[in-house]
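The values are calculated or read from the model by the stated rules, or taken from the named source; none is laboratory data. Note that the structure is a prediction, hence the values are computed from the model and not measured. Cβ coordinates were reconstructed from backbone atoms using ideal geometry, including for glycine residues, and neighbour counts include every protein chain displayed.
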Amino acid sequence: MSGHVPYEALGFLFMLAMFLGLELIAKVPATLHTPLMSGSNAISGITLIGAMSLAAYGTGWSIFLGALAVGFASINVVGGYLVTDRMLEMFKSKSKKGGA
């Protein structure tokens, strides 16, 4: 046994993840979308680590795709933190915002 996963299994797993993701997001109320999405964007740090390892140890196209994934995952992580910061600013009291 070579440890190779068949492409059919990977395709099935991808389709299952897409379906479950759509079902989960469709059932989330609109008021929870911002906290949920900012948290899931922060989880993209895991993707970032995987993309960096692919870019570092890959060959040929995998280096290019890994570098591309590093760029997109970095944008996603930074955006998640910016959205979270902006959301938390909304909950600060008015007296603390003025600096007094």
Looking at T59, is it exposed (fewer than 12 other Cβ atoms within 10 Å of the Cβ) and among the β-branched types (V, I, T)? yes
If D85 passes every condition in (1) surrounded by fewer than 11 Cβ atoms within 10 Å (Cβ to Cβ); (2) assigned to a helix (DSSP H, G or I); (3) modelled with pLDDT under 80 but one, which one does it miss? (3)
I want to confirm something. Restricting to region 1-17 and keeping residues that are of a type in the set (A, V, I, L, M) and more than 25 Å from T84 (Cβ to Cβ), which single residue is surrounded by the fewest Cβ atoms within 10 Å (Cβ to Cβ)? M1
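In region 20-42, which residues are of a type in the set (A, V, I, L, M) and surrounded by 12 or more Cβ atoms within 10 Å (Cβ to Cβ)?
Matches in region 20-42: I25, V28, L36, M37, A42.
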Could you check, for region 61-81, whether at least one of its residues is part of a helix (DSSP H, G or I), of a type outside the set (F, W, Y), closer than 19 Å to I25 by Cβ and more than 12 Å from the chain's Cα centre (by Cα)? no
What's the number of the only condition in (1) without any contact (Cβ under 8 Å) to a residue 12 or more places away in the chain; (2) outside any loop (DSSP other than H, G, I, E, B) that V5 fails to meet? (2)
